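The values are calculated or read from the model by the stated rules, or taken from the named source; none is laboratory data. These numbers were taken from a predicted model, which means no experiment stands behind them. Cβ placement follows ideal geometry from the backbone for every residue including glycine, while neighbour counts extend to all protein chains displayed.
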Amino acid sequence: MSKRHPNPRLAKIHRNYTVEEVAGVFGVHRNTVREWVKRGLPTSDDRRPMLILGADLVAFLRARRVKNKRTCQPGEMYCVRCRAPRAPAGDMADYLPVTATLGNLIGMCPACEAMMYRRVSLAKLEQVRGKLDITLPQALPHIDESAEPSVNSDLG
């Protein structure tokens, strides 16, 4: 259960919650829920105990997650240290395959020099490329395709 990004689907939309119940559902502190109320989470009224409608809670958490999204444009990768999408240094990136159809783009952040990664499908690599110079890995030649004999051979 992620405390930083609570899952809105855990809340029931047809139920009323107290501050303590919301904290228990999402595994956060009661003061965190009170801070959400200060930041705009609507309550049913001004009386105690403070009741929060489940539908309002779900809408608030979804809106909060959408507001914090940072989408990368073509040619950009997300730098976790800077917390912003940026074009890698020198507009260069390496493609490292994970499976036959999926891989990671690896580059270096020009601002903080941290490594940046972006998961990309091989089929969508051209859409993500933008103006990046991407280095694709080259397969090593098989030993049976070589014209030179192997040096590790006992054959004379």
Q. Restricting attention to region 14-31, which residues are free of Cβ contacts under 8 Å to residues at least 24 places away in the same chain and surrounded by 13 or more Cβ atoms within 10 Å (Cβ to Cβ)?
A. E21, A23, G24, V25, R30
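How about region 118-137: which of its residues are within 20 Å of T71 (Cβ to Cβ) and assigned to a strand (DSSP E or B)?
Let us first name the residues in region 118-137 that are within 20 Å of T71 (Cβ to Cβ), namely 118-121, 123-132, 134.
Within region 118-137, R118, R119, V120, S121, I134 meet the criteria.
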Q) How about region 103-132: which of its residues are surrounded by fewer than 16 Cβ atoms within 10 Å (Cβ to Cβ) and touching a helix residue (DSSP H, G or I) at 6+ places or on another chain (Cβ under 7 Å)? A) P110, K131
Q.
Here is a list: A63, A11. Which entry is buried (at least 17 other Cβ atoms within 10 Å of the Cβ), at pLDDT 90 or above and of a type in the set (A, V, I, L, M)?
A. A11
